[in-house]
Amino acid sequence: MLHESHELAAEFPELKDKIHELKMNNHHFARLFEEYEKLNKEILQIERQEIGASDAYLEDLKKKRLHTKDELYSMLTA
């Protein structure tokens, strides 16, 4: 099974410049972006079996990542 990284710039390539701009100029966006990257990294490590975790924990992480991505997207398209 292939495990996708879900990096924000890959998820929204048309918003790459806006992502960079907000990371540099919006503290809240930058903090959420860091949180999203951290969640994404941990999910990938679990999926690649580099670290162990329960299915419930993995699902919780995925829900948090999706919620964070939705919030970031709202800021990107506002």
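When residues in segment 1-18 are screened for being part of a helix (DSSP H, G or I), over 17 Å from His67 (Cα atoms) and in contact (Cβ under 8 Å) with a residue 40 or more places away in the chain, 2 of them pass. The condition of being closer than 16 Å to Ser74 by Cα and of a type in the set (S, T, N, Q) holds for Asn26. In this structure, Ile46 does satisfy being of a type in the set (A, V, I, L, M, F, W, C) and either touching a residue at least 24 places away in the same chain (Cβ under 8 Å) or surrounded by 11 or more Cβ atoms within 10 Å (Cβ to Cβ) (or both). Only one entry in Leu58, Leu22 is part of a helix (DSSP H, G or I), among the aliphatic types (A, V, I, L, M) and surrounded by 15 or more Cβ atoms within 10 Å (Cβ to Cβ), namely Leu22. In segment 50-68, the residues that are touching a residue at least 40 places away in the same chain (Cβ under 8 Å) reach residues that are of a type in the set (Val, Ile, Thr) and assigned to a helix (DSSP H, G or I) with C-beta atoms within less than 8 angstrom, at least six apart or across chains, in these pairs: Arg65/Ile43. Among the residues of segment 63-77, is any exposed (fewer than 11 other Cβ atoms within 10 Å of the Cβ), touching a Lys or Arg at 6+ places or on another chain (Cβ under 9 Å) and in a helix (DSSP H, G or I)? Yes, because at least one residue in segment 63-77 is exposed (fewer than 11 other Cβ atoms within 10 Å of the Cβ), touching a Lys or Arg at 6+ places or on another chain (Cβ under 9 Å) and in a helix (DSSP H, G or I). Inclusion of Tyr36 among residues that are surrounded by fewer than 16 Cβ atoms within 10 Å (Cβ to Cβ), assigned to a helix (DSSP H, G or I) and either modelled with pLDDT of 95 or more or of a type in the set (A, V, I, L, M) (or both) is not warranted.
The values are calculated or read from the model by the stated rules, or taken from the named source; none is laboratory data. None of these values were measured; they are calculated from a predicted model. Heads up, the Cβs are rebuilt from the backbone with ideal geometry, glycines too, and the neighbour counts pull from every protein chain shown.
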